[in-house]
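This report concerns only the one structure given below.
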Amino acid sequence: MARFALILPAAGRSTRFDGKTKKVFTELEGRAVWLRSAEPFVNRDDVHQIIVAINPDDRELFERRFRHNVAFLNIQVVEGGEERADTVAKALAAVDPTCDYVAIHDAARPCVATEWIDAVFAAAVEHGAALLAIPVADTLKRADAAGSFAVETVARSGLYQAQTPQVFRRDLLVEAYANRSSLAESATDDARLVEAFGGRCRLVPGSPLNIKITTQLDLKLAAAILNLLPSSKPEPPAGPFADERAGW
């Protein structure tokens, strides 16, 4: 059985949430958002290490509120960096070398279902790298420099919205992060770094239910979504996800 490590980046500033509260520490139906994001991975036989990366400024608060959870769930805590890529790099340095794969999951994405984790893990083992994604459904508009007027309609054909988990062979991810300096500003997710060094990331069907909490409204939506998460696997969709050319 392949061995996976999980990294939960939780060092963000949450500036779009409410300006005061860290969204990952906010309670969602009785448990902190980051805990709900971690819990689907905790009892998996293939997950051998879970690392949460926090902002150094949050260390005292985190230990006061969550030290018992961390100890009970055997979660390792590291301090992150200034940017998300710095945070992931610090967590990656703490990954057990015996783990074959590294999964990176947003600590603010608490509505991930086990079946989606199963699927993206299996795809990573087969192709070397995989991520959850959903086709863009809405019409896309490009705005002017001021963001006031639409100046162009962007074709949505072939466009997908990336989600997490994103899962990679550990050696591929380590190499990508070792050479990330040239892409520090343009890399908005880990798949971008791997792609930049020749990797191909398998697209795995995600779900609109797998939301990332950014605002207070997202928190309310997540509370409703928790009651809607699937309990059985759906039929695989047709289209690009069934196309083997999308593989590694």
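The values are calculated or read from the model by the stated rules, or taken from the named source; none is laboratory data. The shown structure was predicted, so the numbers you read here are calculated from the model rather than taken from an experiment. Every residue, glycine among them, receives a Cβ derived from its backbone with ideal geometry; neighbour counts consider all protein chains shown.
Listed values, structure above:
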read-out	value
Flag if Ala130 is within 28 Å of Leu226 (Cα to Cα), touching a Phe, Trp or Tyr at 6+ places or on another chain (Cβ under 7 Å), among the hydrophobic types (A, V, I, L, M, F, W, C) and modelled with pLDDT of 95 or more	no
Selection from segment 201-220 of residues that are surrounded by fewer than 16 Cβ atoms within 10 Å (Cβ to Cβ) and within 19 Å of the chain's Cα centre (by Cα)	Pro208, Thr214, Thr215
Hey, Leu28 buried (at least 19 other Cβ atoms within 10 Å of the Cβ) and either over 19 Å from Ala191 (Cα atoms) or not aliphatic (A, V, I, L, M) (or both) or not	yes
So Ala32, is it in contact with a helix residue (DSSP H, G or I) (Cβ under 7 Å, 6 or more places away or on another chain) and of a type in the set (Gly, Ala, Ser)	yes
Complete set of residues in segment 117-132 that are closer than 12 Å to Phe41 by Cα and in contact with a helix residue (DSSP H, G or I) (Cβ under 9 Å, 6 or more places away or on another chain)	Ile117
When residues of segment 162-195 are limited to those that are among the acidic types (Asp, Glu) and either out of contact with any strand residue (DSSP E or B) (no Cβ under 9 Å at 6 or more places or on another chain) or buried (at least 24 other Cβ atoms within 10 Å of the Cβ) (or both), the one modelled with the highest pLDDT	Asp171
